[in-house]
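Let me begin by presenting the structure, written as structure tokens, before commenting on it.
Coordinate-derived values only; no laboratory data. In this text, all values refer to a predicted model and were calculated from it rather than measured experimentally. Because the Cβ atoms are built from the backbone with ideal geometry, glycine has one as well, and the counts that use them run over all protein chains shown.
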Amino acid sequence: MAKILLIEDDADQVLMYKVKFELYGHNLISANDGIEGLAMAEKEKPDIILIDLLMDKMGGIEVLENLKKNSEIKNIPAIIITNLEKQGLAKKVIGLGAVDFIVKSKISLKDVLSRIEKHLKK
Amino acid sequence: MIKKQISKTKKKVGDPGYVNQTCWLASNLNYPPSKRCQYCETKFSNCLFERFFITSLVLISVVLVFTYLMEKTISTPIIVSLFIIIIVYGVFFDKSTERIIKANFAEKQAKQDFKKLSKTLQQKVEKQTKNIIDKNVHLEKLLEMRSKFLDTTSHQLRTPVSVMKGVLEMINTGEIDNIDPKQRKILMEGVFQKAKKLEQIISDILDATEIDTSHFVLSSSLSQDLQLEELINNVVQSHQLDVKTGNITLEYQKPKKLLPKIKGSRKHLEQVFNNLLDNAIKYTPTLNTQTGEKGKVSISIAKVENSVVIEISDNGIGVPEKEINGLFEKFVRASNAKEMYTDGTGLGLYIVKEIIAGHSGKIDIESNLGKGSTFTVHLPIQNK
């Protein structure tokens, strides 16, 4: 059982991932924006962090950059999970230290879960 | 044959660079063309210097012979000859000089005209170049906006799809039955809202595309006699739930007297006021932190001259001053609106503007950043 932090501003998506992950024995905690997400990451020390890209207040790229600057949480694997698909974006976020890049609408919930579990095992 | 060739190569009167070899000025003083008598390059028989020379010679000879025969002395003919030379010089040579000056002046004038023409041409070329550069900048801006629009729109189209797909996947696998009924209900409501959102985005894109291809014009098939205060009342009523959710107040100031009807498309005008009211409610927080006022949206309608004027005011986030002018352009969203809500196609106000223009009306905006905005719609009353 893993503690997963989801930084996502869409409540429907948060609930969907929450019920799905909990059915498979994981604990999902969530933050509504980047600032709250970074604070929660520091406080909760999750096993993995899922970060959305387009958010109010602080976008996903900035969250990732701040995460990697913070010595306390920089080693927690971070996955960018978004519906934004642009040429070179995946490469950019991997370069910034993310372990994976997922386009939500393109893969099933089951596959999202397997990708997360794959990184948890590492 | 050779003669023909010589005559071909020899410059004739009127040819550019022709020099009258009999002209004393041209041949002996090697005057440059600009200083020559204009006749030197035109008609040999009209060479003024030659005229002066021959006339003087003839007159002097006649006078010399005549006075010598009369007076039998040489001094008087010489004095008379000198007078004749001065008179002939004055009559002919001065005229020749004047013509030389005129020729020089004409040349200078031509040079000045040419310079002026060059300058005008250069200015025209510079203006055209600037226009092309401006158009390119505008095009680049449009392409950039289009690219941003495609990024954000594809994101917005995919977001509801990903939720719908995810929930359907859980229904398909039977997992949905294993979750808490309360959560299931919220999830289903979420899917429904996402489907509505998706429909709205698609509808905005289709409307904007339709307006792009054929600007909205109020056709006779669309035109109806409309009592606008009723139409707006319906729009206001449909937003009561949003106002309650946002914890703000919505005030509709109805006119005391019945307003004249206007010709318009009910469907499109409902779209206009729905959109304007949606925006006002969406960008008006419960509490305005800058002014300390409680969130409030008001809508009023009145007859002003030959128009029905509808004002939609709010005390919300407002629009940055330099962004006001471009707000009705396609794909444009105010920067503070983007910060507040990441979703939005930037097509809503463009569609609003085009529909109002199709009704021969106009829309204005007044806004103070952090204090609120007022959108004013003018729709003409048709004279029957």
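Using Cβ counts within 10 Å as a stand-in for footprinting exposure, how do B:F331, B:F375 rank, fewest first? Spell out each step's value before the answer.
Values: B:F331 19, B:F375 25.
So the residues, fewest neighbours to most, are B:F331, B:F375.
How high is the relative contact order of chain A, in percent, with contacts defined as C-alpha pairs under 8 Å that are six or more residues apart?
Working: 203 pairs, mean separation 27.4, N = 122.
So the answer I get is 22 percent.
Compute the distribution of all C-alpha to C-alpha distances in the stretch B:101-228, in bins of 5 Å from 0, and list the percent of pairs in each, rounded to whole numbers.
Bins of 5 Å from zero give 2, 7, 8, 9, 8, 8, 8, 8, 7, 6, 5, 4, 4, 3, 3, 2, 2, 2, 1, 1, 1, 0 percent of pairs.
For peptide B:58-66, compute the average count of partner chain beta-carbon atoms within 10 Å of each residue's beta-carbon.
On the way: counts 0, 0, 0, 0, 0, 0, 0, 0, 0.
The shielding value for this peptide is 0.
Could you pull out every residue, at least 5 positions away or on a different chain, whose amide H is within less than 5 Å of the one on B:Y252? Hs are placed 1.01 Å off N in the peptide plane, and Pro or chain starts have none.
B:I299
Please report A:D100, A:D111 as a ranked list, fewest other C-beta atoms within 10 angstrom at the top and most at the bottom.
Details: A:D100 19, A:D111 12.
Final ranking by Cβ density, sparse to dense: A:D111, A:D100.
Stokes-Einstein D for the stretch B:244-383 at 10 °C, 1.306 mPa s, Kirkwood Rh over Cα pairs, in µm²/s? Walk me through the intermediate numbers first.
Working: Rh = 15.6 Å.
Roughly 102 µm²/s, to the nearest whole number.
Given springs between every Cα pair under 10 Å in a Gaussian network model of chain A, which of A:L89, A:L54, A:L38 has the largest fluctuation?
Looking only at A:L89, A:L54, A:L38, the largest GNM fluctuation is found for A:L89.
Between A:L53, A:L64, A:L84, which gets the highest mean-square fluctuation from a Gaussian network model of chain A, Cα cutoff 10 Å?
A:L84
What does the average come to when, for each residue of peptide B:166-178, you count the partner chain Cβ atoms lying within 10 Å of its Cβ? Spell out each step's value before the answer.
Details: counts 12, 6, 2, 6, 6, 0, 1, 5, 0, 6, 2, 0, 3.
So the per-residue partner count for this stretch is 4.
Using Cα springs under 10 Å in a Gaussian network model of chain A, which residue among A:L96, A:L23, A:L67 shows the largest mean-square fluctuation?
Between A:L96, A:L23, A:L67, it is A:L23 that shows the largest mean-square fluctuation.
In the structure displayed, which of B:K194/B:K371; A:K3/A:K68; A:K20/A:K118 lie more than 22 Å apart, Cα to Cα?
Working: B:K194/B:K371 31 Å; A:K3/A:K68 19 Å; A:K20/A:K118 17 Å.
B:K194/B:K371, as the Cα separations exceed 22 Å there.
Calculated FRET efficiency, B:Q237 and B:F114, Cβ-Cβ r, R0 60 Å, to nearest 0.05? Walk me through the numbers before you get to the answer.
Values: r = 74 Å, r/R0 = 1.24.
With a Förster radius of 60 Å, E is 0.20.
Averaged over peptide A:54-66, how many Cβ atoms belonging to another chain are found within 10 Å of each residue's Cβ?
Numbers: counts 8, 1, 5, 3, 0, 1, 0, 0, 0, 0, 0, 0, 0.
Neighbouring Cβ atoms belonging to other protein chains average 1 per residue here.
So what is the diffusion coefficient of the stretch A:3-121 in µm² per second by Stokes-Einstein at 37 °C and 0.692 mPa s, using a Kirkwood Rh over Cα pairs?
On the way: Rh = 14.0 Å.
Diffusion coefficient, whole number: 235 µm²/s.
Amide H neighbours of A:M55 under 5 Å, at least 5 residues apart or on other chains, H built in the peptide plane: list them.
Amide H neighbours of A:M55: A:G60.
Would you please give the residues with an amide H less than 5 Å from that of A:D100, counting only those at least 5 places away or on a separate chain, with H modeled from the backbone geometry?
Hits under the 5 Å cutoff: A:I80.
Quick one: B:V63, A:V14, fewest Cβ neighbours within 10 Å first, how do they rank? Present the calculation step by step, with values, prior to reporting the outcome.
Values: B:V63 17, A:V14 20.
Ordered from fewest to most neighbouring Cβ atoms within 10 Å, B:V63, A:V14 come out as B:V63, A:V14.
Using a basic spin-label model with each label point 7 Å from the Cα along Cα→Cβ, how many nm lie between B:K256 and B:I365?
3.4 nm
State the antiparallel share, in %, of DSSP beta bridges confined to the stretch B:224-380, rounding to the nearest 5. Please list the in-between numbers first.
Numbers: 27 of 32 bridges.
Given both bridge residues lie in the stretch B:224-380, the antiparallel proportion sits at roughly 85 percent.
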